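Everything below concerns the one structure shown next.
A short reminder: the numbers here are calculations on the coordinates, not readings from a lab. Since the structure is predicted, the reported quantities are computational estimates derived from the model, not experimental observations. Because the Cβ atoms are built from the backbone with ideal geometry, glycine has one as well, and the counts that use them run over all protein chains shown.
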């Protein structure tokens, strides 16, 4: 019997998991030389700095400096422990793991919650197809024109009208009521003891994460007088509404292919879009988008189209969205339906008419201008003033000065206004809204994948001894990281102790101990700082040309073995001479000066002799 996770078993999982496929479930990757690049899923950025090396099975972000193996990626994206990440990747790779009873008992609450949610989804699907109980939900789907194949693809189900049908079923299967409450499936009775089901007599929409695991539910009431009409699960350890998009896991491939994401409001709108061939549609789980949701869109698409209902709430949501998309710098256009919602429009006018609306969608600022012009009479002075005033919040929210200038120019041209008049109104608004204590925004570290340029002569001679030593260490490390055959040559001349920086020293020691270790296993020998250094160097290109490599290598080794210690001794003696002079110890000064002269081989003495 194999132990839970031997090094060989871990390597087997790593080899069988395609890291590019794994990461592509979260990030739109593009081939860039020997690597794949995309926007980092762990911090907000506008220029891709996230790199994946498929052959080595490693990833690294030059912006936030995170990186590691497939295990690290799953742990960080899904908030899993290491054993949970191993289980997930072993399942994906088809590698069988054995768990002891004790390890099973130690399974995390989140893992238990996900199992309970999966069981709940199965229960709801069974109830939908149950001949008597599921009739109201099946009749509703028929009236809405949702066919059986679509209902199956989206895993639609039915929550019976009984007070505790779900709780009774799941507790019989071993799921504790307290856990079901934390998962947002049941809630305690207001009077007395016990619990009752949160979702009752509702059409159920499972909400999944990017790993296609059920993390929450949306429920549409089937009672004409039922309130609320739509009910979503509460926030849990498995579900964050503001970081989730309904149907994204089903739409992901179509979004990448079109490089465009279509965002509707309601779950049923997304379902109908997919049924009629608009497979790049997702739902926002409500009218108010969050910046995290927009960042999630940008990871898969180069542009977005927002489709909102033709009511006041839909129009207001479209106007609020502009600032979010501008902040993230994701181009966005807006469609406001002439009436109803996407589901009703598609069924009444057809999918081609809906596609025509998408093709003719207005850029979001043009849409806001159109809405302002609809509210006020642009033929009058007062109407123009009100139009500009309505648009000031949107203009103020634009952080890109070039884009803001273009909006001001377009607005002035359309309504026959002077640009400087609009800018004066903007300045007046900005002054009136300046907070007494402005907030401070901390930006992530700048993203760069450019390798440090190291000239051999600079390494040896430029700058202080400390800077030169650091550059020599970095040069040798980068060569050893990229070219394993160099490691033995360096190890024959230097010891880890010859490297002054602790992270450099730790990485050198690992390279010397296991000179032929493959990169994935090697990085596991390192601490956090050493791992970050190793991954950064691995994804940086070495700038030493092949014809110069031997000379550069020899010079750097010689510097660390001979010149760096001598330079350090010179600096130490110079400091000791100054200290002895300050103390008035002439005899010690003379002794130290003689040592200094022997070391440098010249009559030059430190200043102040």
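A few points about this structure:
- The chain - mean residue ellipticity at 222 nm from DSSP helices (-39,500 (n - 2.57) per run, n ≥ 4, rounded to 500): -16000 deg cm²/dmol
- The relative contact order of region 376-432 comes to 30 percent, based on Cα pairs under 8 Å that sit 6 or more residues apart.
- Value of relative contact order over region 109-239, rounded to a whole percent, pairs C-alpha under 8 Å and six or more apart: 25
- In degrees, nearest ten, helix 401-415 long axis to first principal axis of the chain (Cα): 40
- Ranked by how many other Cβ atoms sit within 10 Å of their own Cβ, fewest first, the residues 385, 17 fall in the order 385, 17.
- Rounded if a/c under 1.5, otherwise prolate or oblate - the chain, Cα gyration tensor axes: oblate
- Ordered by the count of other Cβ atoms within 10 Å of each Cβ, fewest first, 139, 309 give 139, 309.
- Cα gyration tensor, region 135-186 - rounded (a/c under 1.5), prolate or oblate: prolate
- Antiparallel %, DSSP beta bridges [both residues in region 243-367], to 5: 20
- Global form of region 215-314, assessed from the alpha-carbon gyration tensor, a/c cut-off 1.5: prolate
- Of all beta bridges that DSSP places with both ends in the chain, some 70 percent have antiparallel geometry.
- Counting every other Cβ atom within 10 Å of each residue's Cβ, 37, 493 order from fewest to most as 493, 37.
- Only Cα pairs under 8 Å and 6+ residues apart enter the sum, and on that basis the relative contact order of the chain stands at 10 percent.
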